[in-house]
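What follows draws every value from the coordinates through simple rules; no lab data is involved. Keep in mind the model is a prediction, meaning the values are calculated, not measured. Ideal geometry is used to build each Cβ from the backbone, glycine not excepted, and the neighbour counts take in all protein chains shown.
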Amino acid sequence: MSRRLRVLVVEDEVELASVVASYFEREGYFVELAFDGHTGVEKARSGTPDLIILDLMLPGIDGIEVCRQVRTFSDAYILMLTARDEEVDKIVGFAVGADDYLVKPFSPRELIARSKAILRRPRLQDSLDGVEALSRILRFGELAIDSSARTVAVGEKIIELTRTEFDLLEILVESPKNIFSRRQLLELVWGGDWYGDIHVVDVHLGHIRKKLSEAGMSDGTIRTVRGVGYGMELK
Ligand code: CA
């Protein structure tokens, strides 16, 4: 039996938060609540949730900023709640890395159904479980990826990547001459039944680029081919 799935609900409307929590609890999830953005980020870090239900308009820091901060250390699925349709543009436009969103008012049943759909999306690592991991080191310039240990190093320096970041980088480095469209990367990392904002890919790739350059990688990076997608590039 696998562990109970953990859900973090970040919502300042206390009544709504507790209704949502009770629905998830009824479905057997372990639920934590946060009523403002800062607490949301803290609990995302300490509670290692599988899924975060995140309201857009929050006191303190808003849902977009929460999402951005959480994405630097967590691969939890994020479903954003918005009060109005116009705010959807905000979520999509900011490309903050949310996996899906729901416009208020919504039925708790719909929220549960959407959440289950998100949680069913296979991550690349999950789809590889049960298959004997190949022990191999992928190299690209100073970059070395150990696929079985799931570690990444630039020169001697090990860098910390989230699960999604690792999966994306591994795909790019496995086929360094390929240019992948956002859609292809989404399908490879999140699975084929993806729906939502495809710019989520840009957010993760931006984080990887930053981490590579902070680790001192000087001879290559992830390149953007305008209108086509992403690939690796040696300098
Ligand atoms: Ca709110």
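Using the Cα centre of region 1-59 as the reference point, and only Cβ charges (+1 on K/R, -1 on D/E), how large is the resulting charge dipole? Debye, rounded to the nearest 20.
Dipole of region 1-59, to the nearest 20 debye: 420 debye.
Taking a virtual spin label 7 Å from the Cα of residue 18 along the C-beta vector, which residues in region 102-119 bring their backbone nitrogen under 15 Å of it?
Correct set: none at all.
What residues have an amide H closer than 5 Å to that of residue 52, excluding those fewer than 5 places away on the same chain, when H is modeled at 1.01 Å from N in the peptide plane?
Here 8, 77, 78, 79 satisfy the definition.
Between 162, 56, 115, whose Cα lies farthest towards the positive end of the dipole of the chain when Lys and Arg beta carbons carry +1 and Asp and Glu beta carbons carry -1, centred on the Cα centre?
162
Treat every Asp and Glu Cβ in the chain as -1 and every Lys and Arg Cβ as +1, leave all other atoms uncharged, and give the resulting dipole magnitude about the Cα centre to the nearest 20 debye.
660
Projecting each Cα onto the charge dipole of the chain (Lys/Arg +1, Asp/Glu -1 at the beta carbon, about the Cα centre), which of 29, 225, 76 comes out farthest on the positive side?
Of 29, 225, 76, it is 225.
At 4 °C and 1.567 mPa s, what whole-number value in µm²/s does Stokes-Einstein give for the translational diffusion of the chain, with Rh from the Kirkwood sum over Cα pairs?
So the translational diffusion coefficient is about 69 µm²/s.
Could I have the simple spin-label model distance between residue 202 and residue 27, label points 7 Å from Cα toward Cβ, reported in nm to one decimal?
3.0
Taking the Cα centre of region 127-234 as origin, work out the dipole magnitude from +1 charges on Lys and Arg Cβ and -1 charges on Asp and Glu Cβ, in debye rounded to 20.
Here the size comes out at about 340 debye.
If each DSSP helix of 4+ residues adds -39,500 (n - 2.57) and the sum is divided by the residues in the chain, what number results at 222 nm, nearest 500 deg cm²/dmol?
Helix-only estimate at 222 nm: -12500 deg cm²/dmol.
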